[in-house]
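A.B. asks: Just passing along the structure, written as structure tokens.
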Amino acid sequence: MKLYPLFADLSQRTVLVVGGGAVAERKIEALLGARALVTVHAPILTERLQHWVSEKRIAHHAGAFEEGLFDRVWLVVAATSDHVMNRRLAALAAQRRIFTNVVDDAALSSFHVPAVIDRAPLIIAISSGGDAPMLARLLRERLETLLDDSLGALATLAQKLRQRIRMRIPDMAPRRSFYESLFAGPVAALLRQGRPDAALAAAEQALASAPAPVAGSVVLVGAGPGDPGLLTLRALRALNEADVILHDRLVGAGVLELARRDAQRIEVGKQAGNHHTTQDGIHALLLAHARAGKRVVRLKGGDPFVFGRGGEELEFLREHGISCEVVPGITAAVACAAYAGVPLTHRDHAQSVRFVTAHCQSSRDTLDWAALAQERQTLAVYMGVAELATLQTRLLEHGRAASTPFALIENGTRAEQRVVTGTLGILAERALVHAVRSPALLILGEVAALASTLAWFGSPPLGATVHDIRAAVPVRALPVAAFAEHSGLLAAIHHV
């Protein structure tokens, strides 16, 4: 269930609570804290509720239930143990388009009461959609220990100065920087010390001396291969400070969800045969937004400086006098290999690793195939799905054994990760059988064989079978030498 988070102003608005026990008492106490006008319907009330009735803090209806109780009501809370009554209440409220919470019954509820951390006027609500309320309460307890009580006073101070801050600092980017310093600097420290007057004076002094608007800047951020949990802390901070985010097509939605909600997002992804935005176009966008005073994040899959053209973008920005910074990311070879259980180096199998890209004719022609074909090293091939047949042929021609293991990792580190394993002699055929698509990374070398035993994430690897190879390699069409090679390979795979 996907809920829309909402904070309701119930001050001087009528709320109907049906039920007079301990649960209803807790709900009513929270509603009174929100200054709601509470009417409780129940034949019997707890002692505390009776006291509130006598004090006229709440209204009590003790007779038979009447539909008229829904008149002029904004919300309904059903806190009874009578399931028939609860269903009736939910149905009647739905007919009148009144939001209803049925305690401990998510299916009947049209709104849910979250676990709340109260630092008024700052309120933090945690909801599991009614599915796991104990988990929400556990998270609340943990957050309570992390959030200082002075946050409410800090929010009040910010509200008091809000209009003056907007007038003094009209541009969004420098105003956000001012707020960040306000919330994390000496003003916040003074409030933690219980010195609100000194905190206000310090805030006013900082506002009076606020610097002129600063120029824009660009941060080249590595987003990693897809799992949002692999994002670095500095990358997360940059995303939360960004005014504009230029992101690649392959940057996962989970990573983008960590960015500021009001940041402008521009997809500038490039895909083989389908360039949404040229590199020159990306340069122009970076320059235009930075010169407009924006804080720009260029969010790139993997690491900006590993086949990400981050070096070109940094050179361009420096040439045009734009302040820039680089936040490294976990490159695909490192992350995807780890999530597939493949160590890139291993004392018994590989003493070196090469990062290679072979996504077009020009990149193929510049590779040292003889060096790449050497044994006891690992090849990590980026953007090579369309060129697997060529890679296979060139490596075999230069002496790499057909029995060299490989692991093709599609959508590495993501929930939909697939790993296809086999040997170099049937690399292209295996990829065809399993319809491997980009994004996929090829790991070639002795270490790739470990994927079958060290895999720990996602589905088990799709290993080679005799049926797969016979289906992919028509034996009659092969020359004698190739037939001998594939026959030996079939026997080896069948033995394994």
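A.B. asks: Residue check, Leu367 against (1) over 32 Å from the mean Cα position of the chain (by Cα); (2) in a loop (DSSP other than H, G, I, E, B); (3) closer than 21 Å to Leu450 by Cβ, all met but one. Which one?
C.D. replies: Leu367 satisfies every listed condition except (3).
A.B. asks: Where in the range 111-225 are there helices (runs of 4 or more DSSP H), lying fully within it, with 2 or more residues that are modelled with pLDDT under 90 and basic (Lys, Arg)?
C.D. replies: 151-168, 172-184
A.B. asks: Go through the range 199-218 residue by residue and tally those that are loosely packed, with under 15 Cβ neighbours inside 10 Å and among the small types (Gly, Ala, Ser).
C.D. replies: 5
A.B. asks: Working only within the range 40-60, note down all residues that are of a type outside the set (Phe, Trp, Tyr) and crowded, with 19+ Cβ neighbours inside 10 Å.
C.D. replies: Val40, His41, Ala42, Leu45, Leu49, Ile58
A.B. asks: Please verify whether the range 378-385 includes one or more residues that are surrounded by fewer than 19 Cβ atoms within 10 Å (Cβ to Cβ), touching a residue at least 24 places away in the same chain (Cβ under 8 Å) and of a type in the set (Phe, Trp, Tyr).
C.D. replies: No; the residues of the range 378-385 include none that is surrounded by fewer than 19 Cβ atoms within 10 Å (Cβ to Cβ), touching a residue at least 24 places away in the same chain (Cβ under 8 Å) and of a type in the set (Phe, Trp, Tyr).
A.B. asks: With the requirement that a residue be within 16 Å of Met172 (Cβ to Cβ) and assigned to a strand (DSSP E or B), what does the range 238-252 give you?
C.D. replies: Val244, Ile245
Conditions tested, residue by residue: (1) touching a residue at least 60 places away in the same chain (Cβ under 8 Å); (2) assigned by TED's automatic domain parsing to the domain that holds Ala78; (3) buried (at least 18 other Cβ atoms within 10 Å of the Cβ); (4) over 22 Å from Glu29 (Cβ atoms).
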residue	(1), (2), (3), (4)
Pro133	no, no, yes, no
Leu139	no, no, no, no
Leu143	no, no, no, no
Gln163	no, no, no, yes
Met167	no, no, no, yes
Ala173	yes, no, yes, yes
Phe183	no, no, no, yes
Pro186	no, no, no, yes
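A.B. asks: Another question about this same structure. For residues that are outside any loop (DSSP other than H, G, I, E, B), under 22 Å from Val342 (Cα atoms) and among the hydrophobic types (A, V, I, L, M, F, W, C), tally how many sit in the range 372-413.
C.D. replies: The number of residues fulfilling the criteria is 12.
The values are calculated or read from the model by the stated rules, or taken from the named source; none is laboratory data. Only a predicted model underlies this, so the values are computations on that prediction, with no experimental measurement involved. Cβ atoms come from the backbone with ideal geometry, glycine included; neighbour counts cover every protein chain shown.
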